[in-house]
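Taking it in order: structure first as C-alpha cells, then the write-up.
Throughout, read-outs are computed from the coordinates displayed, never taken from laboratory work. Here the structure is a predicted model, which is why all the values come from computation and not from measurement. Note: ideal-geometry Cβ built from the backbone for every residue, glycine included; neighbour counts use all protein chains shown.
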Amino acid sequence: MKFSLPSSRKEMKDVCIQFDGGTCSSAGALSYIALPHCSLIVPATTWISGGQNITIMGRNFDVIDNLIISHELKGNINVSEYCTATFCRFPAPNLKSSKGRTNVAVKLRVQDTYLDCGTLQYLEDPRFTGYRVESEIDTELEVKIQKENDNFNISKDDIDITLFHGENKQFNCSFENITRNQDLTTILCKIKSIKNANSIATSSKKVRVSHLEVPPVVLI
C-alpha cells in the first residue's frame, strides 16, 4: 500500500488502516524527521573518467529518494548510491566528454524537493606509470602501483584495485598503504589465500584502479 503523507512537525504519529467505515486497525508508529542535511563530501576532488568512491556525510539520509549529480551540459545524472542515516556512498560518474576541469553540484531528492549537498570537482585522470607484482609465498601476491603526484587525496575507501590474469580470472587486491615521495606516489595492495601466486606473478596480467587501467610497464 502506498500513500502520500500530509505535512507535520517533527514528532511521532500513530498510523491505522480503516476499510469502509470499520474499525481503524493499528499499522504502527511513524516518525516525522527534518529534511536531510549534508555536512561534508570526501573526497571533494575526483578524476574525469569516474569510478572513484565518493562519500557524503550528514544526517537523515535514510529518507532520500535518490542522489543526483547536476552538470551544466549533461543535466541531472542519477547515480547509484548506498545510504545509511549518516552517510551516502556512490561511484563518481564518468564525465570523460567534458573538457578540462569541471565542477558538478551534488543534490539529494526527497519527493519533489531537491537539496543542495555541495560541489564535486573533476580533474584530469591521474597518470599511472606502471606496476610490479611479486610473490614471497605461493599463496599471496603483493602489487605495487606507481603514479605521478597530483591533487587527488586517494584513500583506502576511495578505490577498488583489481588484477586480471588469463582470459577471465580476476582478483580483488586489498589496499595496504599509500606512500608519496618527491615525484611519485606508490599504492600497495595484497591478494591473499590464492593458488599459484608465483606463476601469476611471472605471467601476463593487467591491473586496474577503479575504472583506470594501469599501463603495462613493469617497475624495476
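Once the Cβ-Cβ distance of SER203 and ARG127 is raised to the sixth power relative to R0 = 30 Å, the FRET efficiency obtained is 0.70. Under 5 Å from the amide H of ASP125 lie the amide H atoms of ILE48, SER49, each residue being 5 or more positions distant or on a separate chain, with H modelled from the backbone and absent for Pro and chain starts.
For Cα pairs less than 8 Å apart in space and 6+ apart in sequence, what is the mean separation divided by the residue count of the chain, i.e. the relative contact order in percent? Could you put the intermediate results ahead of the total?
Details: 478 pairs, mean separation 36.4, N = 220.
With pairs under 8 Å counted, the relative contact order is 17 percent.
Listing ARG208, ARG180 from fewest to most neighbouring C-beta atoms within 10 Å gives ARG180, ARG208. Sorting the Cα pairs of the stretch 128-213 by distance into bins of 5 Å, from 0 upward, gives 3, 14, 27, 26, 16, 9, 4, 0 percent per bin. A Förster radius of 22 Å combined with the Cβ-Cβ distance from GLU136 to ARG180 puts the calculated FRET efficiency at roughly 0.35. In a DSSP loop and with at most 15 other Cβ atoms within 10 Å, the trypsin sites (Lys or Arg not before Pro) in the stretch 66-102 are LYS74, LYS96, LYS99, ARG101. Annotated for the stretch 128-213: lysine pairs at least 8 residues apart or interchain, Cα distance under 14 Å, count 7. Here's the picture: charge each Lys and Arg Cβ at +1 and each Asp and Glu Cβ at -1 in the stretch 128-213, and of SER174, SER203, CYS189 the one pushed furthest to the positive end of that dipole is SER203. The label-point distance for THR113 and VAL217, in a model that sets each label 7 Å from Cα toward Cβ, rounds to 5.2 nm.
The charge dipole of the stretch 41-194, taken about the Cα centre with unit charges on the Cβ atoms of Lys, Arg (+1) and Asp, Glu (-1), comes to about 320 debye, rounded to the nearest 20.
Put in line by how crowded their Cβ is, counting other Cβ atoms within 10 Å and starting with the fewest, VAL207, VAL110, VAL217 read VAL217, VAL110, VAL207.
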